[in-house]
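K.L.:
I am attaching a structure below and will ask some questions about it afterwards.
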Amino acid sequence: VEIVSPLNAGTITVGGITYFLRHFHFHIPSEHTVFGIRQEMELHLVHTSINVTPQRTTVIAVRFTLEEADDTNSFLAQFFPQLPPVTQPVTTRTTIRIQLPFKEIKGAYYRYNGSLTTPPCTEGVNWAVIAKLATFSPAQFNQLRAAIPVDNARPLQNVNGRPVTFFAL
């Protein structure tokens, strides 16, 4: 999902650098594990710097787990019904206003420096993986599966000596 006006979509500051939300996307299953457990889905909120050369990237990752009950996630409910099935080519863009998932991105998180998980897998990306799992309903999972019918997560990568720091807020 592309952010049409990133200057108005919110910012985060990491290491004194301000980053603007540019887009977000989903991976099935999650691309990060905690204690070796992979969740059903992961949301990546991709932020880039504007006034820094070279441009830098920070990604906030939110892992989702299915709830047995019909626990509809209000953030996902804003646009999941509009996801086109993969069998239909996207020929038009639809603009919608959404409320970002602030309740899902609060609290403790894991931080490390890594790479993008999609080609060209650029190194030097600041990652913040939210510790608390967000929830969504089986119906929402089925809506996402209609749009993404095959797993699109990068294979798990070794830590390769990178420090992963836990921040409890």
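The values are calculated or read from the model by the stated rules, or taken from the named source; none is laboratory data. Keep in mind that this is a model prediction, so the values were computed, not measured. Glycine also receives a Cβ, built like all others from the backbone with ideal geometry; neighbour counts cover every protein chain displayed. Note: accessible area is taken over every heavy atom of the protein model, side chains too, but ligands, DNA and RNA are not part of it. Shrake-Rupley method; radii C 1.70, N 1.55, O 1.52, S 1.80 Å.
K.L.:
Of the accessible area of the stretch 2-167, with the probe set at 1.4 angstrom, what percent is carbon plus sulfur?
P.N.:
54 percent
K.L.:
Now for a different question. Spelling out what I want: for every residue of the stretch 139-152, take phi, set θ = phi - 60°, compute 6.51 cos²θ - 1.76 cosθ + 1.60 (Karplus), and round to whole Hz; glycine and proline get x.
P.N.:
With the stated coefficients, the stretch 139-152 comes to 5, 5, 4, 5, 5, 5, 5, 5, 7, 10, x, 10, 4, 10 Hz.
K.L.:
Between Asn73 and residues 5 or more places away or on another chain, which pairs have amide H atoms under 5 Å apart, with H built 1.01 Å from N, and which residues are they?
P.N.:
Amide H neighbours of Asn73: Ser137.
K.L.:
If you don't mind, there's one more thing I want to ask. Quick one: dipole size for the chain, taken about the Cα centre, charges +1 on Lys/Arg Cβ and -1 on Asp/Glu Cβ, in debye to the nearest 20.
P.N.:
480 debye
K.L.:
Skipping prolines and chain starts, which residues have an amide H placed within reach, meaning under 5 Å, of the one on Gln39, given they are 5 or more residues away or on another chain?
P.N.:
Distant-sequence amide H within range of Gln39: Ser30.
K.L.:
Right, next: Could you go through the stretch 15-29 in sequence order and give the Karplus-derived ³J(HN,Hα) for each residue, using 6.51 cos²θ - 1.76 cosθ + 1.60 with θ = phi - 60°, rounded to whole Hz, and x for Gly and Pro?
P.N.:
x, x, 9, 8, 10, 10, 5, 9, 6, 9, 8, 10, 10, 10, x
K.L.:
What whole-number value in Å² describes the accessible area per residue of the stretch 114-167 for a 1.4 Å probe?
P.N.:
57 Å²
K.L.:
Amide H neighbours of Arg22 under 5 Å, counting only residues 5+ apart in sequence or on other chains, H built in-plane at 1.01 Å?
P.N.:
Close amide H contacts, sequence-distant or interchain: Val46, His47, Thr48.
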